[in-house]
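As structure tokens, the structure follows; a few thoughts come after it.
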Amino acid sequence: MKAVRGTRDLLPPETALWSRIEATAREVFARYHFGEIRTPIFEETALFARGVGEETDIVSKEMYTWEDRARAQSEKTQSLTLRPENTAGVVRAYIEHKLGESGQLQKLYYIGPQFRRERPQKGRYRQFFQIGAEVIGPPHAGSESPLRDAEVLEMLASLLDALGIEGWTLRLNSVGSATDRPAYLARLREALQPVVGQMCADCQRRAETNPLRVLDCKVPEDQPIIDALPRIADSLDAASREHFAAVCAALDAAGVPYTRDHRLVRGLDYYTRTTFEFTHGGLGAQNALLGGGRYDGLSEAIGGPKAPGIGFAIGQDRLVLTLQAQQAAASERADACVAPVGEAQNPAALALARELRRAGLRIELGDGSFRVRKSMEMADRVARSIVLLGEDELQSDVLTVKDFATAEQKKIPRAELAKHLLAARAQVEKGQ
Ligand code: AMP
């Protein structure tokens, strides 16, 4: 027998990387004063239908749902579902345990498996793992503050950096509040009417059931039509516009880079105002590392008190894929590029390269007719570090070494250079 399609066994040594990711996430979350919550892996189906939304792809086609048989006369059969995401479960727990009555903001994180019947492919599984967090509380605790949105985004940027994920992009949008969204939906429906006949079958269905999702369509032929549709940004009321501007201003002040994506709406109905995704080019078609946003009406939608919130879920499987790809790319590179800064140092560079290669290192050799900047660019493509060799270095026998991953530049005595480069290689091989 084999593991069911879309599920996988995780084995050593790969599981060490999974553990390291979880340990780093816990460490970063603790620094931002989050505590861990563990909710059940299955819940009543109605929680997801009302929370995530009947018309979403998740609820309408991807849930693992069953009728749970009664075991005793006193029990009723119940429709249960393996959780397809964890925000609805966290908000249910918030309501059930009256966490809002403390008057404090609740900052909760979770790590665990989620289940969706999607078509399996690279980065998309039927059992997958999310690391997520929620900030939720009564409005008087400051749960609607744009500073919370910015804090969560800044924490994510720090977490991805701490994990060593290179080259992520933060895409940010506002989908408006419960009061200004209907105005946009009306404009969108009107604009879709004359063109929807030329769009893909999914868009034709979405235009009826969930028009916002049309903005998410990836079919190439539909793109010019979608680009010409009205933008949500033009329908936001003053309060939503100000909220979004405040999020952006706080991110600017904290130095977190982002791009505005007018079409980012996300696949779950509960989002209001801020929505975001962190993407990574190395992932291919499934390029979202994580997604999230604000959900100011979710608690009320599932029968709770007013409790605005913001949260996210990171795809742990995709973090692993990204880190493995980075590691593979790093281990194919040479350990160092020896770069003479002038033609006069060419012979000395060959001698140094010979010395390092004899110590077992993989060395690429530059040429002194390059300029330093050009040597740097060339070296960054083929090696993990560059050793600059100029007149001063030859005189003093102390070499300048720049590590491209950390951008650190160090002075290393020639006698210790091979040892230093071997240690740097061992770090990369350990995945650190
Ligand atoms: P969502 O809960 O749909 O907002 O997704 C949040 C993140 O979870 C995505 O950005 C992905 O990284 C990850 N994710 C969602 N669905 C899957 C899946 N079927 N397989 C692997 N990762 C997933």
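The values are calculated or read from the model by the stated rules, or taken from the named source; none is laboratory data. Predicted model only: the values in this text are computed from it and were never measured. Please note: Cβ atoms are built from the backbone with ideal geometry, for glycine as well, and neighbour counts cover all protein chains shown. Accessible surface is based on the protein model in full, side chains and every heavy atom, while ligands, DNA and RNA are left aside. Shrake-Rupley method; radii C 1.70, N 1.55, O 1.52, S 1.80 Å.
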Close pairs from segment 116-135: first assigned by TED's automatic domain parsing to the domain that holds L82 and open to solvent by less than 30 Å² (accessible area, probe 1.4 Å), partner of a type in the set (G, A, S) and near the ligand (Cβ under 6 Å from one of its atoms), Cβ under 6 Å, at least 6 apart: Q130/A313; G132/A313
Residue tally, condition over 21 Å from C248 (Cβ atoms), aromatic (F, W, Y) and within 10 Å of the ligand (Cβ to nearest atom), over segment 262-289: 0
Within segment 302-317, tally of residues that are open to solvent by 10 Å² or more (accessible area, probe 1.4 Å) and either part of a helix (DSSP H, G or I) or near the ligand (Cβ under 8 Å from one of its atoms) (or both): 2
Answer from A72, A88, A23, A46 - the residue that is open to solvent by 20 Å² or more (accessible area, probe 1.4 Å), among the aliphatic types (A, V, I, L, M), under 25 Å from the mean Cα position of the chain (by Cα) and in the same structural domain as D269 (by TED's automatic domain parsing): A23
Residue list for segment 74-105, filter: modelled with pLDDT of 95 or more, in a strand (DSSP E or B) and more than 16 Å from the ligand (Cβ to nearest atom): S79, L80
Residue within segment 290-301 that is within 16 Å of the ligand (Cβ to nearest atom) and either surrounded by fewer than 18 Cβ atoms within 10 Å (Cβ to Cβ) or part of a loop (DSSP other than H, G, I, E, B) (or both) present: yes
Conditions (1) buried (at least 18 other Cβ atoms within 10 Å of the Cβ); (2) out of contact with any helix residue (DSSP H, G or I) (no Cβ under 8 Å at 6 or more places or on another chain); (3) farther than 30 Å from Q327 by Cα; number of the one not met by R205: (1)
Residues of segment 378-418 that turn out to be open to solvent by 70 Å² or more (accessible area, probe 1.4 Å), touching a residue at least 24 places away in the same chain (Cβ under 8 Å) and either assigned by TED's automatic domain parsing to the domain that holds L163 or in a helix (DSSP H, G or I) (or both), as a count: 1
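Out of L153, L170, L108, I need the residue that is assigned to a strand (DSSP E or B), closer than 22 Å to D269 by Cα and open to solvent by less than 10 Å² (accessible area, probe 1.4 Å). Which one? Before the answer, list the steps.
Numbers: L153 fails: assigned to a strand (DSSP E or B); L108 fails: open to solvent by less than 10 Å² (accessible area, probe 1.4 Å).
L170 is the lone residue from the list that is assigned to a strand (DSSP E or B), closer than 22 Å to D269 by Cα and open to solvent by less than 10 Å² (accessible area, probe 1.4 Å).
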Some residue of segment 43-55 being of a type in the set (S, T, N, Q) and either away from the ligand (no atom under 16 Å from the Cβ) or over 28 Å from G293 (Cβ atoms) (or both): yes
